[in-house]
Every structure is written in structure tokens, then in C-alpha cells.
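The values are calculated or read from the model by the stated rules, or taken from the named source; none is laboratory data. If you're wondering where the values come from, they're calculated on a predicted model, not measured in any experiment. Cβ: placed from backbone, ideal geometry, glycine included. Neighbour counts: every protein chain shown.
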Amino acid sequence: MKTIARLAMASGLALLTCAAAPVAGRPELAYQLTEGQNLNAFVRDTSVAAHLLLRNGDDPRILVAFPAGNSGVGLWFARSARPVTWRLEQAPTPRNRGALHGIVAMASIDAARLVPGQAVLSNIRFLRDYQTAGTFPAELTATPVVAGDTITWRRKRLDGAAGYELALRVVEGRIDEGAIVVGANGRIRLEITALTGDAPLTPIPATQLLTATAAADPAARNALAFLSYREKFLAGSWRFDTYFGRDTLMSLRLLMPALKPIAIESGLNAVIARLSPGGEVAHEEGIGEFAILANRKAGRSGDTAELDYDMVDDDYMLGPVAAEYLLGSGKARAAAYLAAPLASESQPGRREAVGAALVRNLRFVLAQASAFAAAPSARNLVAIKPGRMTGEWRDSEEGLGRGIYAYDVNAALVPAAIEAADQLMRAGLLDA
């Protein structure tokens, strides 16, 4: 009975995989990049954005990262007897199936035998942990199901929402006791389907991203486009397909001369929406299934984002970057932009004007600087947070040499933030 039930389930999974519907037309963004042993292919189109990574060498793997929910699916194969090489025969194309969105691609590999090892389907932070440490939460385990020429890993999210799927259909070769072996023609060729149920982000169209004066660098433009969304800018793929405050603000400032207003305001909004009630800038967010597990450990339910406020340098970056835009290229839009309502990510259900939220950050800056202004001494400088050894861009325990007062924070960023507050106030932009 168990065998029959297993085969029935497997057949159902195979049919569902085959039923994934293609997204019509040519993708808005599609490009490839090879770095070392990694063959990378990117695609983005409406509800689908995905980064496919095929790892060459003696430790082959398939990994697909999605900006949606910072989610992904990965499969690590057993170590091969010799280095092997993937060939991408059909680039990833978008696929939708109900609440699931993802890609289908075709690849071949010059291995005689591939033995699937561990699959991880969840938030990218867990895939990252498995890649570096070989561990992930046991409740995220997905069991492979073999049906005919297809091996499928599939699981729902821990809260019962649409989850994740990875399916390998053996187009050339065969499945032998769980392993994939070459066929009569001496090849292994796989159709790879990867899907996520996490909510898609809203791409910033290329026409709204860069000005006409931006450099004509296709590689840089492609990378920026893949990481740019109305909800947030992403720090990098595949490991960091989500929001980081410092990365967003530094990138905005450096790219500002080449960015269009919608792009700049999207980046600023991402930071402002994640401000703490006291005005601190969020360094990083934990979302999707990572947030579900973090909330459960804290005795809470749901997938409300876990926001990290442990860094101090980014608190003093928002004001200068906002002022550069609002008093410069965005001057004509400043009043309307600051008056626009913005949904809070740190306080779900709350909406406030962009300007009101920005003022919270500027008040925080002035409060933190007040002790040194009243009595200039080393002990009144802005320190990293108690009990921590990190607090700014030198994000390692040795970065500050065991010190607590960062030079860049106190000599550059705090003065710049105070000056930005003064400039915005004198311009009448903080009056509302």
C-alpha cells in the first residue's frame, strides 16, 4: 500500500510539474555570466525573477535563487570522481503555476553518474548556511520523489502557504536507484524546473532606472536591473537577494547622478519604511520562511519580517543621501514625495508620510549627537551597541581592533547627518 501511494503521489507531482505554464513573450531581462566554476543565468519578467547557478568541478550543484521572499531551491550532488562541467542548453524561461512562480531550463553535464545528495528548499539564508556549514533546520527537509524520468523535491512553507519545488526531468540518460546515469549516447541532459510560492517583487523597468547620461555598460546595467525593485534594492545574488540598509544607501549615493527619480525614491522608501519606531535604520531583514522560524522561536506566529538594528553607521547615512536628492535633482518633486504616505515594514499596518518618518531618523541623529555637543570628550562619542564587537562596515569582530568608537561614524557620518538635517530644515522641507 505504501508503495502504491508513493507512486500515485509521484505521478501527481510529475503532472503538476509538467503543467507549469510558460510566460508569453520574450523576458524583460535575460543574461548569463560565468565566474570561476559557476555558470550563472538570470531572468526577470513580470512575476518571475530568478538566478540559476550551475556549479562545475568535483562538487556539482544546482541552485536557483528568487528575489521573491529571498527564497531559493538548491541541490548538492555527491562529490564526483573527476571535475565535471555543465552546459546550459536552454536559458531559463519564466514559468507560472497557480501561486508558484519560477523557471524552466535545460542543461547537460559531462558526468557519467550524478548522485543527488541534499536538497534545501526555503529561504536563501538556509541555503547559504548549508553551503558554508552543511546544516539547515530539520523541519525544512524535502524528500525526493521519483516518477518515471523525473525526480521532484517539493514542500509547503511552514505556515501552510505555497512553498517551493525543484524537479529534474532526465531528458537524456536514466534514473538508476536514485542516481542519474548516462544513456546510450553517453550524455546526461536535464530539464530543471524551480518554483517558489513567495510573493513576487515589482521590477523597476529599465526605462525608469537610469538616465540617458548613464554609462553604456551592459554587464553593470544588467546586474543593477536584476537587483532593482519598487519595494527595495537587493544587495547581491545569489546569497543576498534582499534588503540591506548600508548597501542601499551607499549605492544610491554613488549612483544618484545616473539614476532616475523613481529608482532613487524606491531606494529611499525601502530604508524609510524599515526605520525603527525610534528612527534607527535597519541593517538587514529576515523575511519569508526565515522570519517564520525566527518568530516561532520568539513565541510569535506569522511571517512578519525580522529587522536587524545592530549596526550604527547606517543610521547616519539616510539624512545625507536624502538631502542630496531632495535639495538636488529631486528638488521639484521634494514636497510631494515627502507628503506621500508610506506603509511601514517595521510596524505592520501603520502608514505615515515619508517626511514624518524621515524626521524620526533626524531626531534620532540629533539625540545621539547631543552628549558630545554638550561635553566634547571621547566617552561621549557615538559607540557601537553594548555587548557587540561590530557596528559599522568593518563587519567582523576584529574590524575595529576591539574598539567601540568608529572613526567613520564620528568624524564623517554624524557631522554629515547633522548638516543634512540643518539643510533640510533651512529649505523648509521639514515644516509639515
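Can you name every residue in the stretch 174-233 that is modelled with pLDDT of 95 or more, among the β-branched types (V, I, T) and surrounded by fewer than 17 Cβ atoms within 10 Å (Cβ to Cβ)?
V181, T202, T211
Taking the conditions exactly as written (among the polar types (S, T, N, Q), touching a residue at least 12 places away in the same chain (Cβ under 8 Å) and closer than 19 Å to R239 by Cα), does S71 satisfy them or not?
The answer is yes for S71.
Only residues that are under 30 Å from F136 (Cβ atoms), of a type outside the set (V, I, T) and in contact with a strand residue (DSSP E or B) (Cβ under 6 Å, 6 or more places away or on another chain): list them for the stretch 247-273, please.
A273
Within the stretch 56-64, is even one residue of a type in the set (G, A, S) and modelled with pLDDT of 95 or more?
yes
Would you call G387 assigned by TED's automatic domain parsing to the domain that holds G355 and either free of Cβ contacts under 8 Å to residues at least 24 places away in the same chain or in contact with a strand residue (DSSP E or B) (Cβ under 7 Å, 6 or more places away or on another chain) (or both)?
yes
So, in the stretch 355-374, of the ones that are among the hydrophobic types (A, V, I, L, M, F, W, C), under 18 Å from D314 (Cβ atoms) and touching a residue at least 12 places away in the same chain (Cβ under 8 Å), which residue ends up surrounded by the most Cβ atoms within 10 Å (Cβ to Cβ)?
Only one residue tops the list, namely L358.
Kindly list the number of the only condition in (1) touching a residue at least 24 places away in the same chain (Cβ under 8 Å); (2) of a type in the set (D, E, K, R); (3) not in a strand (DSSP E or B) that fails for R95.
Condition not satisfied by R95: (3).
Starting from the stretch 285-309, keep only residues that are within 20 Å of T196 (Cα to Cα) and assigned by TED's automatic domain parsing to the domain that holds W393, then list their pairs with residues that are assigned to a helix (DSSP H, G or I) and aliphatic (A, V, I, L, M) whose Cβ atoms are within a distance under 7 Å, requiring at least 6 positions of separation or different chains.
Pairs that qualify, where the first residue is within 20 Å of T196 (Cα to Cα) and assigned by TED's automatic domain parsing to the domain that holds W393 and the partner is assigned to a helix (DSSP H, G or I) and aliphatic (A, V, I, L, M), are G286/A294; D303/A291; D303/I292; T304/A291; A305/A291.
Name the single residue, out of those in the stretch 138-149 being aliphatic (A, V, I, L, M) and either in a strand (DSSP E or B) or over 25 Å from the mean Cα position of the chain (by Cα) (or both), that is surrounded by the most Cβ atoms within 10 Å (Cβ to Cβ).
Selected residue: A147.
Select from the stretch 257-308 the residues that are surrounded by 15 or more Cβ atoms within 10 Å (Cβ to Cβ), of a type in the set (D, E) and under 18 Å from the mean Cα position of the chain (by Cα) and list them in ascending order.
If the condition is that a residue be surrounded by 15 or more Cβ atoms within 10 Å (Cβ to Cβ), of a type in the set (D, E) and under 18 Å from the mean Cα position of the chain (by Cα), then E284, E285, E289, D303, E306 are the ones that fit.
If you go through the stretch 150-174 one residue at a time, how many are part of a strand (DSSP E or B) and among the basic types (K, R)?
Residues meeting the conditions: 4.
Going by what's in this entry, would L209 be described as closer than 23 Å to Q32 by Cα, in contact (Cβ under 8 Å) with a residue 40 or more places away in the chain and not small (G, A, S)?
yes
I'd like to check something: does the stretch 78-90 contain any residue that is closer than 30 Å to L29 by Cα, crowded, with 19+ Cβ neighbours inside 10 Å and assigned by TED's automatic domain parsing to the domain that holds L190?
Scanning the stretch 78-90 turns up at least one residue that is closer than 30 Å to L29 by Cα, crowded, with 19+ Cβ neighbours inside 10 Å and assigned by TED's automatic domain parsing to the domain that holds L190.
Kindly evaluate D198 against the criterion of being in a loop (DSSP other than H, G, I, E, B) and in contact with a Gly (Cβ under 7 Å, 6 or more places away or on another chain).
Criteria met by D198.
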